[in-house]
Amino acid sequence: MPRVAGQIDVAKTEAILDAAVEVIGQRGLGAPMEAIAKRAGVSKQTVYNHYGSKAELVRALMARRVAAITAPLREPGALDNPGEALEAYARSMLETVITSKSYSILRVIIQGAGEMPDVAQEVFEAGPRQARRQLAAFLEMETQLGRLKVEDFEQAAEFFSGMVMGQSQLRALLRLPSDKTAAEFDGVAREAARRFMRAYAP
């Protein structure tokens, strides 16, 4: 069955973003849009039609990553089971540490931040800050429902994320092998959620 226009557009968007992860991860922020287009199997104009600039493209990459990480907070039943939702969110964060491609982009952005501060700002706003805001919004809803007692939602979100990631993020950025197995990461996610729920119990 032939795909409709909307399906084709989504497929092209995903192809461009996947190609950007590969190309920018390998060649840095200076990688030409032509190289990304070639890897994606589309024209350079198609890339620019979707994303008007390198900063916009990188922002889309971060937005896709944040959407994947924060997905557990939007699952049906998440509000009714905050402990389980937080554990799933923590596991989602830790999975990005295991996946080296996720951090290849961050490494090159850090390296090129001085020369392309606009891109670095886009990454921060669309990535870490947006993820924290979504978690903070979830904590606020749980507080309103009486399942948690949080006064500073942004601060609590930062506390939780820091407790989950620990030194794992730095190890990933430094290209050091993970010091934990997948099972151990699951344990970290479970324990972080348990301790957080206890600390902010009403």
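The values are calculated or read from the model by the stated rules, or taken from the named source; none is laboratory data. The structure displayed is predicted, hence computed values, not measured ones. Because the Cβ atoms are built from the backbone with ideal geometry, glycine has one as well, and the counts that use them run over all protein chains shown.
Checked against the criterion of being under 16 Å from the mean Cα position of the chain (by Cα) and among the aromatic types (Phe, Trp, Tyr), region 51-60 has no qualifying residue. Every condition in (1) touching a Leu at 6+ places or on another chain (Cβ under 7 Å); (2) surrounded by fewer than 18 Cβ atoms within 10 Å (Cβ to Cβ) holds for Leu139 except the one numbered (2).
Would you confirm whether or not region 97-118 contains a residue that is part of a helix (DSSP H, G or I), of a type in the set (Phe, Trp, Tyr), on the phi < 0 side of the Ramachandran plot and modelled with pLDDT of 80 or more? So far as region 97-118 goes, no, none of its residues is part of a helix (DSSP H, G or I), of a type in the set (Phe, Trp, Tyr), on the phi < 0 side of the Ramachandran plot and modelled with pLDDT of 80 or more. Report yes if some residue within region 58-70 is within 18 Å of Val188 (Cα to Cα) and outside the structural domain of Thr13 (by TED's automatic domain parsing); otherwise report no. Within region 58-70, one or more residues are within 18 Å of Val188 (Cα to Cα) and outside the structural domain of Thr13 (by TED's automatic domain parsing).
All of (1) modelled with pLDDT of 95 or more; (2) surrounded by 13 or more Cβ atoms within 10 Å (Cβ to Cβ); (3) assigned to a helix (DSSP H, G or I) hold for Arg129 with one exception: (1). Among the residues of region 171-186, the one identified as assigned to a helix (DSSP H, G or I), surrounded by 11 or more Cβ atoms within 10 Å (Cβ to Cβ) and without any contact (Cβ under 8 Å) to a residue 60 or more places away in the chain is Glu184.
Rundown of residues vs (1) among the basic types (Lys, Arg); (2) under 28 Å from Ser161 (Cα atoms); (3) in contact (Cβ under 8 Å) with a residue 12 or more places away in the chain, yes/no style:
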| position | (1), (2), (3) |
| --- | --- |
| Gly41 | no, no, yes |
| His50 | no, no, yes |
| Ser53 | no, no, no |
| Glu56 | no, yes, yes |
| Met62 | no, yes, yes |
| Arg65 | yes, yes, yes |
| Ala68 | no, yes, yes |
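Checked against the criterion of being at pLDDT below 90 and outside any helix (DSSP H, G or I), the candidates Ala55, Ala11, Ala31, Ala78 yield just one match: Ala31. Cβ separations smaller than 7 Å between residues 6+ apart or across chains give the following pairs from region 135-151 residues that are in the same structural domain as Pro76 (by TED's automatic domain parsing) and on the phi > 0 side of the Ramachandran plot to residues that are outside any helix (DSSP H, G or I) and surrounded by fewer than 19 Cβ atoms within 10 Å (Cβ to Cβ): Gly146/Pro202.
Among the residues examined, Gln134 qualifies as in a helix (DSSP H, G or I), of a type outside the set (Phe, Trp, Tyr), modelled with pLDDT of 95 or more and in contact with a Ser or Thr (Cβ under 6 Å, 6 or more places away or on another chain).
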